[in-house]
Ligand code: NAP
Ligand code: ZN
């Protein structure tokens, strides 16, 4: 075991502060990574403030962060995929049982024994796992991803959650050329959904509550932008979408979007607001529409997404910040003031 610098919250109401955490020494299948950048996901904020207490209560102190890009510093004797000096990435999971039907089907993200990168039971050291707001991390090679060499690293980190969480459901529901696709909420996930749906060749419509994001949405790859608070603009799109991805972090009216689906259209929610949403049965039954959810993606699909982004030169639009500004970044997330992902430059942790 060794000590690593990190940033943690001591309670749901504390600010983030410098600390040290234990990391295990690399065992034979482990990869030790010096973290260069870590994205800030809204899930970090939900967890730090224990907003998901009903579903996954937070154990304090918490070290969040699951959009990790870095450089390999050490590998165990059985590691074949990586060597010291390689770029490497880690997303929302660091382990799974590897034997259940979900794992065997490549869905480690649905394994009942999946271990999240932070706030999950740590079977090596006891206590809970600590995430990417840290100078280093040690992860089983099965959960370490290869980073395409052409991509900007600060902008690559968010692909590990925002990228795969939007890529996976769009693949699942056949987003492609000729499909009309809606993206609700232009935040970290939403802006990745726009870039990816555009790269898949779909006609992309962004729904935003922030009129000032209109021009950005078009630049990111949207064909049309709708300010969702404008009922007339919404009405124009009624019964026209094949697929809508909802990436909103707070309570909102889901039926307004279900009504925009054509017959057999699907709305998939990836946003995780703590409170249940009221779904109208009539909105679904009258046009045989479906409403579903999606949780990140499996490891093979995450690698496929990274390779796709490498090929199409896709990264997140990031505002790079030092770790000392993480509380401020959380406050800005709550005001939908992020363009479009914060990425922490982990070199800033060296001065702590
Ligand atoms: P984010 O960057 O904060 O973006 C959320 C966006 O939602 C905002 O930019 C805003 O977009 C919109 N929004 C915020 N409050 C709203 C409100 N009251 N009404 C309507 N729209 C509102 O968050 P994120 O990191 O993309 O995460 C989004 C959600 O996905 C979070 O709940 C997060 O926990 C969840 N998540 C789920 C998964 C998964 O696997 N399913 C993975 C990662 C994250 P506009 O300004 O355009 O309206
Ligand atoms: Zn996330």
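Is it true that some residue in region 76-90 is over 23 Å from residue 310 (Cβ atoms), more than 16 Å from ligand 2 (Cβ to nearest atom), surrounded by 14 or more Cβ atoms within 10 Å (Cβ to Cβ) and without any contact (Cβ under 8 Å) to a residue 40 or more places away in the chain? Scanning region 76-90, I find no residue that is over 23 Å from residue 310 (Cβ atoms), more than 16 Å from ligand 2 (Cβ to nearest atom), surrounded by 14 or more Cβ atoms within 10 Å (Cβ to Cβ) and without any contact (Cβ under 8 Å) to a residue 40 or more places away in the chain, so the answer is no.
Candidates 192, 170: the one that is touching a residue at least 60 places away in the same chain (Cβ under 8 Å), more than 16 Å from ligand 2 (Cβ to nearest atom), at negative phi and within 19 Å of the chain's Cα centre (by Cα) is 170.
Within region 285-297, if we keep just the residues that are within 15 Å of ligand 2 (Cβ to nearest atom) and part of a loop (DSSP other than H, G, I, E, B), the residue that is nearest to the chain's Cα centre (by Cα) turns out to be 296.
The condition (being crowded, with 20+ Cβ neighbours inside 10 Å and farther than 30 Å from residue 238 by Cα) is satisfied by just one residue among 289, 332, 341: 341. Filter region 298-334 for residues that are out of contact with any strand residue (DSSP E or B) (no Cβ under 8 Å at 6 or more places or on another chain) and part of a loop (DSSP other than H, G, I, E, B); which is nearest to residue 37 (Cα to Cα)? Across region 298-334, the extreme among qualifying residues is 315.
Here 114, 192 are screened, and the one residue that is over 30 Å from residue 228 (Cα atoms) and crowded, with 19+ Cβ neighbours inside 10 Å is 114. Evaluate the following for residue 28: is it surrounded by fewer than 15 Cβ atoms within 10 Å (Cβ to Cβ), within 16 Å of ligand 1 (Cβ to nearest atom) and part of a loop (DSSP other than H, G, I, E, B)? Against the criterion (surrounded by fewer than 15 Cβ atoms within 10 Å (Cβ to Cβ), within 16 Å of ligand 1 (Cβ to nearest atom) and part of a loop (DSSP other than H, G, I, E, B)), residue 28 does not qualify. Scanning region 249-296 for residues that are out of contact with any strand residue (DSSP E or B) (no Cβ under 6 Å at 6 or more places or on another chain) and at positive phi yields 264, 296. Can you pull out every residue in region 173-189 that is farther than 14 Å from residue 243 by Cα and free of Cβ contacts under 8 Å to residues at least 40 places away in the same chain? Scanning region 173-189 gives no hits. Against the definition (closer than 26 Å to residue 47 by Cβ and in contact with a strand residue (DSSP E or B) (Cβ under 9 Å, 6 or more places away or on another chain)), how does residue 205 come out, yes or no? Spelling it out, it is not the case that residue 205 is closer than 26 Å to residue 47 by Cβ and in contact with a strand residue (DSSP E or B) (Cβ under 9 Å, 6 or more places away or on another chain). Filtered by the rule that a residue be more than 14 Å from ligand 2 (Cβ to nearest atom) and over 16 Å from residue 334 (Cβ atoms), region 38-61 gives 53, 54, 55, 57, 58, 59, 60, 61. Here is a list of conditions, (1) under 28 Å from residue 334 (Cα atoms); (2) within 14 Å of ligand 1 (Cβ to nearest atom), and residue 298 meets all of them except one; can you say which number that is? It fails just one condition, (1).
Since every read-out is calculated from the coordinates, none of them should be taken as a lab result. Quick caveat: nothing in here was measured; it's all calculated off a predicted structure. Glycine gets a Cβ as well: all are built from the backbone with ideal geometry, and neighbour counts include every protein chain shown.
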